[in-house]
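Chemist: The structure that follows is given in the form of structure tokens.
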Amino acid sequence: MSSPGEFYKSLPPITKAYGTLCLLATVGFQLGLYDKDDVALDYPLVFSRFQVWRLITTFFFLGGFSVNFGIRLLMIARYGVQLEKGPFDRRTADFLWMMIFGALTLLVLSIPMFSTPHLGISLVFMLVYVWSREFPNAIINIYGLVALKAFYLPWVMLALDVIFGSKIMPDLLGIIAGHLYYFLTVLHPLAGGKNILKTPMWVYPFIFF
């Protein structure tokens with residue numbers, strides 16, 4: 001069995017970077033280094049006070065230390081890693097572009113009617129949705145009680161969040177973003193359409209891992 005340090009080193013670069021930033025964001029919050037409202041998405045403050053960092057920091061806050069936080073981090077470690085080491089193997093730029101496209105989509109979806117101050121959970125749910133489409137027949141065991149195909153995992157996780165009192169909108173926005181990405185990159189081309197979501201050249205210089 002590998003040590004935690006060896007496991008961390010084995011993580012692929014984009015998933016490792018995103019998971020680490022989410023963990024650091026929660027540690028900083030727990031230590032009182034900032035208030036969660038300081039990193040929340042707030043379009044009035046973005047445009048009136050030029051607090052543009054909110055467009056980025058909103059994706060790294062998964063809440064304080066809790067069972068839910070642990071589950072989200074494990075989702076990144078499992079589904080993000082399997083995607084990056086599987087369908088996106090040797091396609092680091094494409095994986096990064098998927099994350100960027102998901103983030104941009106979530107920013108657009110977060111209009112006042114569906115406003116969600118922290119989009120970290122939504123981005124994690126996007127990862128889960130794309131994973132469930134890439135591995136639809138994988139068998140998932142939910143809390144040791146129910147076994148189901150991965151295809152249904154996002155909807156089951158959404159239902160469990162609602163049952164346990166979490167808000168439905170962050171999960172739903174992530175599913176919408178994930179479906180849009182999968183439709184444009186996989187389903188539409190398979191139906192004879194053109195892949196209009198190819199990784200742009202400006203993404204490649206960011207791959208320095």
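Chemist: What shape does region 33-78 take by its C-alpha gyration tensor, where a ≥ b ≥ c are the square roots of the eigenvalues and a/c under 1.5 counts as rounded, a/b above b/c as prolate, and the rest as oblate?
Modeler: Because a/c hits 1.5 or more and a/b exceeds b/c, region 33-78 counts as prolate.
Chemist: Highest GNM mean-square fluctuation, the chain, Cα pairs closer than 10 Å: which of Pro170, Pro189, Pro117?
Modeler: Pro189
Chemist: Just to be sure I understand the rule: take each whole DSSP H helix in the chain, project its Cα atoms onto its long axis, keep it if the span is 30 Å or more and its mean Kyte-Doolittle hydropathy is at least 0.0. Which ones pass? Each step should come with its number before you reach the end.
Modeler: On the way: long enough: none.
Helices meeting the span and hydropathy rule in the chain: none at all.
Chemist: Identify, among Ala103, Gly86, Gly193, the residue whose Cα sits farthest towards the positive end of the charge dipole of the chain, taking +1 on the Cβ of Lys and Arg and -1 on the Cβ of Asp and Glu, with the dipole about the Cα centre.
Modeler: Gly193
Chemist: Need the list of lysines near Lys36 for cross-linking: C-alpha distance under 29 angstrom, and skip anything on the same chain fewer than eight residues off.
Modeler: Partners within reach: Lys16, Lys167.
Chemist: Within the accessible area of region 39-94, what % is carbon and sulfur when the probe is 1.4 Å and the other protein chains stay in place?
Modeler: 64 percent
Chemist: Classify region 4-203: rounded, prolate or oblate, from the alpha-carbon gyration tensor (a ≥ b ≥ c, eigenvalue square roots; a/c under 1.5 rounded; otherwise prolate if a/b is larger than b/c)?
Modeler: In terms of gyration-tensor shape, rounded.
Chemist: Would you mind classifying region 119-206 by shape? Square roots of the alpha carbon gyration tensor eigenvalues, ordered a ≥ b ≥ c; an a/c under 1.5 is rounded, otherwise it is prolate if a/b is larger than b/c and oblate if not.
Modeler: Prolate, because a/c is 1.5 or more and a/b exceeds b/c.
Chemist: With θ set to phi - 60°, apply the Karplus curve 6.51 cos²θ - 1.76 cosθ + 1.60 along region 32-44 and write out the HN-Hα couplings as whole Hz, x wherever there is a Gly or Pro.
Modeler: Karplus-based 3J(HN,Hα) across region 32-44 equals x, 6, 7, 9, 4, 5, 6, 10, 6, 6, 9, 4, x Hz.
Chemist: Leaving out ligands and nucleic acids, note down the accessible area per residue over the chain with a 1.4 angstrom probe, in whole Å².
Modeler: Numbers: 11530 Å² over 209 residues.
Value returned for the chain: 55 Å² of accessible area per residue.
Chemist: Still on this structure, please answer the following. By how many nm would the segment from Lys36 to Ser115 grow when fully extended, if each residue of separation counts as 0.36 nm and the alpha-carbon distance is taken off?
Modeler: Length gained between Lys36 and Ser115: 26.9 nm.
Chemist: Something else: How large is the charge dipole for the chain, taken about the Cα centre, if only the Cβ atoms of Lys, Arg (+1) and Asp, Glu (-1) carry charge, to the nearest 20 debye?
Modeler: 400 debye
Chemist: Run through region 63-115 and list the chymotrypsin sites (Phe, Trp or Tyr not before Pro) located in a DSSP loop whose Cβ has at most 16 other Cβ atoms within 10 Å. Show your work: numbers first, answer last.
Modeler: Numbers: sites: Phe65, Phe69, Tyr79, Phe88, Phe95, Trp97, Phe101, Phe114; in loops: Phe65, Phe88.
Here the sparse-neighbourhood loop sites are Phe65.
Chemist: If contacts are Cα pairs under 8 angstrom and at least 6 residues apart, what is the relative contact order of region 4-203 in percent?
Modeler: 20 percent
Chemist: Checking the cross-link filter: which aspartates and glutamates have an alpha carbon closer than 16 Å to that of Lys9, excluding same-chain neighbours under 8 positions apart?
Modeler: List returned: Glu84.
The values are calculated or read from the model by the stated rules, or taken from the named source; none is laboratory data. Here the structure is a predicted model, which is why all the values come from computation and not from measurement. Here the Cβ is made from the backbone with ideal geometry for all residues, glycine too, and neighbour counts use every protein chain on show. Note: accessible area is taken over every heavy atom of the protein model, side chains too, but ligands, DNA and RNA are not part of it. Shrake-Rupley method; radii C 1.70, N 1.55, O 1.52, S 1.80 Å.
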